[in-house]
Every structure is written in structure tokens, then in C-alpha cells.
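To start, the structure itself, in C-alpha cells.
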Amino acid sequence: MGKPVNSRSQKQTSAAAPVGAAEADIAPPAPGPVDKAMEVLTALAKAGAPHRLADLARSTGLAKPTVHRLLRALASSGYAEAGPGGSYRPGPRLLGLAAGALADDAALRRAGPLLDELRSRTGLFASYVVRDDRAVIHLDVRAPAQDFGLDLGPGFREPLTAGAAGLALLAALPAEESEALSTGPDGAPADEATRAVMSAAARDGYAFDGADAWPDRRALAAAVRDATGRAVGAVVLSGLPFTLDEASARLYGPMVRSAAAAVSAGLAAQAGARLGVVPGPERDTGPGVSRTGGDDEAEVAR
């Protein structure tokens, strides 16, 4: 359980194919300047900044001269900022845009005090996550006074099937959509342990990592729903294995479930959550299954 079976590809599918052309003969279009700039911004915003040029090139798959040219352009407009030794970090304009969007989100405003309470009562990391295609992103993270060296902060990203945060969301989705999202790139279904965690989450209202999810941490999560009942995020507790074991999960599980229900109740009173599923690349998910991030499935910050 917990193996990352899906990852976002940098390739894009062709918008239109010649009639009668074999699929193998149709090459995806090359990434354009905007695509490359967005790849660099995404890599720049990952945890661990400032990032070296070589690391950004390796992360994006782009050539160093291309990455360097894009970084200079981003820096000139305030979206990137030069750091020591030729490294780069997110610039003030990018940080300002992110802060403005997050401060205006109903779910995060309601989740904040509850995350603080969970952190205080458990001594663990408390965070709010949303789904980004086949991954989850921690948007708000409240760290305990003693973090034991656990590298978890805002912007932390993990595969949807890798642990409790994503599995809690998968368990809250309609069965066909959940099955499509938990299927590997080769079409292989989720393993038995992953299905067991999702089944327990559907039954108990919260998901708990199995022993093999991550080598250095465990997580406990419950889905948050908006006014329509759609799963738009999750409240998560994270800690080291010895601080969040089976016994503590049984104790903290109802607390996380209650916090997620409180956020959901607040959203139900205020129709519409600005942050939810971020659309992924266009692709078919199978007969009868809507495309991930379709217009009727997700609202993106506008």
C-alpha cells in the first residue's frame, strides 16, 4: 500500500488527430514557452528553496540554458528571486498571489482554527490538503513546537495513492471515479492493502496509513465536503511512526473526522468552495467515468 502509482506527465495530448492516423504515429506537441515557464514555476515553488539551477533543470526535464533564461524573465517580473550561489526561490509577487488566494478561501478560513486545535491537542502536524489531479497538496500546515525533523510544510505534494491524505479523498469520491484515479498508468488496479484502507475510510470516516506508506511518517485524514456533498479537501494529522501508531490513530481518528465535519458544515452554509480539484491533462478515464477535473467536477480558483 502507498506506492505512488500515478504521476503527471509533461507531455500533452494532441487536440486533434488526422483521420485514419495510427495512434502510435501521432507525436504529442512540443511544450511551448508558457508550458516551460509553468514547469519552472512549479519546480521553483517546491519545498527546499532556494533551488539550484541544476536541480530545477533536472526537475523540469528542460535544458539548463532554457531554465536560466526563464528564471531571469520570471525574476524581472517578481515571480522568482535570486538566492545565494546562483540559486533561486519564489519571488515576492508569486508569494503575494498565493497568499491572497489562500486568505480568501472559505475552506482554509474555517480550517485554520481547527488545525490549531488539533496540533495543540495531539502534538502532531495538522494540515489541510486539496487534490491536484492525481496528487494532493498541503495548503495550510500547522507544525508542532517539536517537529522531530519532519519535512512537511505548505506546498508539500504527494501522490494521491501514497497515503492517508489522498486515500481519504479517494474513499469519498463516487466509486467509478475513485477506481479510475487509483489505477496505475499501466491499468493495474490498486493493491489489496490500498483498497483495504479506502474501505476502512468509507466505513469509519477517516483513513490511516498502513505501515509501508512512508518510511518516516504516518498520517491520518478525513475528507471535507462542500455544500453539494462533493469532496473538496481533507483535514490531515501527520507524525513520525512512534507518535502516530495504531493506538493513537484510534484515539485521534474521531477528532480528525469531527474537524473535517466542522469545516464541511461551514462550507454547506456558504455554497461553493473556491479551492478544490485542479484539472489534470485531458485524458479518457473509461466508459461512464468523467474526466478528472471536468467542469462539472471541480472549481478552480478564479
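A few comments on the model shown:
- Projected label distance in nm at A49 and D216, using a 7 Å step from Cα toward the beta-carbon: 2.1
- Within the range 29-96, the percentage of alpha carbon pairs spaced more than 20 angstrom apart rounds to 15%.
- Other-chain or far-sequence residues with amide H under 5 Å of V224's (modelled H): V232, G233, A234, V235
- Kirkwood analysis of the Cα pair distances in the range 113-231 returns a hydrodynamic radius of 14.8 Å.
We did not get these values from a lab; they are worked out from the coordinates using the rules stated. On a predicted model such as this, the values are computed, not experimentally measured, just so you know. A quick note on method: Cβ atoms are made from the backbone with ideal geometry, for glycine too, and the neighbour counts reach across all protein chains shown.
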